[in-house]
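To start, the structure under review is shown below, and the notes come after it.
The values are calculated or read from the model by the stated rules, or taken from the named source; none is laboratory data. On a predicted model such as this, the values are computed, not experimentally measured, just so you know. Neighbour counts are summed over all protein chains in view; Cβ atoms, including those assigned to glycine, are modelled from backbone coordinates with ideal geometry.
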Amino acid sequence: MAIFFGIDSNYASTLFSSLNGGNKTNSFSSLTGLLSEYSSIQSGSYRKLLNAYYSGSDNESVNSIASNSISTAGDNAKKLTSIKEASTDLSDTVQELTKSGSNSVFNKVSKENSDGTVTREYDTDAIFNAVKGFVDDYNSLIEATEDSNTKSIASNMRSIITATSTNDDLLKELGIKINADYTLSIDEDTFKKADMSVARSMFNGTGSYAYQIGVKASLVNINAASEASRSNTYTAGGAYSYNYNSGSLYNTYF
């Protein structure tokens, strides 16, 4: 039997027959649908679904397999969405912390003392709230990426954990502790009594610890979005849904 670019000739015939005449939009939709179906067969998704059916699994089990995304991606869609959301939140928080100029939370404010004199001091309440937000979003990303099967995500998370561990001593000065599960905890009293110039060096400006974490969080977000684009799943209704870009999918086979 003749093979066309690694595809059975009968399949190729069916594939290109969709392009003969008719509406161009419908023809292209048919083409991308066939390519997506072929991708599922090639990746093994279709085989997994058939194996579950013919092994005697009940309908509930088969539907569960289908609805839980038999995918070419390392992580399922739900987990990747959670990772994207958590990484976006952390990146946004870091952007606020690292702002410079008049928008910086580390700008000193005027404070009137009991003797009537006025001094310029850091607003420790505002700075604590901003850093507390960082800690909360950092922990959310640690939890969202736990047990991720996506190598690029795991790699960038290791970099985040390493960067935090490297700054352990300075974080402790600010009342920030690294827990056994790699999350962070912050003590408000210790933080507000700490040297705010240390806090500024850690959390403000490019090159700071927070800036490094923000860059890595952005990469995790990109990793999650890229991995999500590999999803290609047969649904419980027997149809398939896919997130491949049609152009990229076309170029994969031709």
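Before moving on, here are some points about what is shown:
- Filter result for the condition that a residue is surrounded by fewer than 17 Cβ atoms within 10 Å (Cβ to Cβ) and under 14 Å from residue 83 (Cα atoms), over 187, 168, 195, 147: 147
- Test: residue in region 117-124 that is of a type outside the set (A, V, I, L, M, F, W, C) and within 23 Å of residue 87 (Cβ to Cβ): no
- Considering 104, 87, the condition of being crowded, with 20+ Cβ neighbours inside 10 Å and in the same structural domain as residue 190 (by TED's automatic domain parsing) is satisfied by 87 alone.
- Qualifying residue in region 161-174 (condition: under 18 Å from the mean Cα position of the chain (by Cα) and under 30 Å from residue 76 (Cα atoms)): yes
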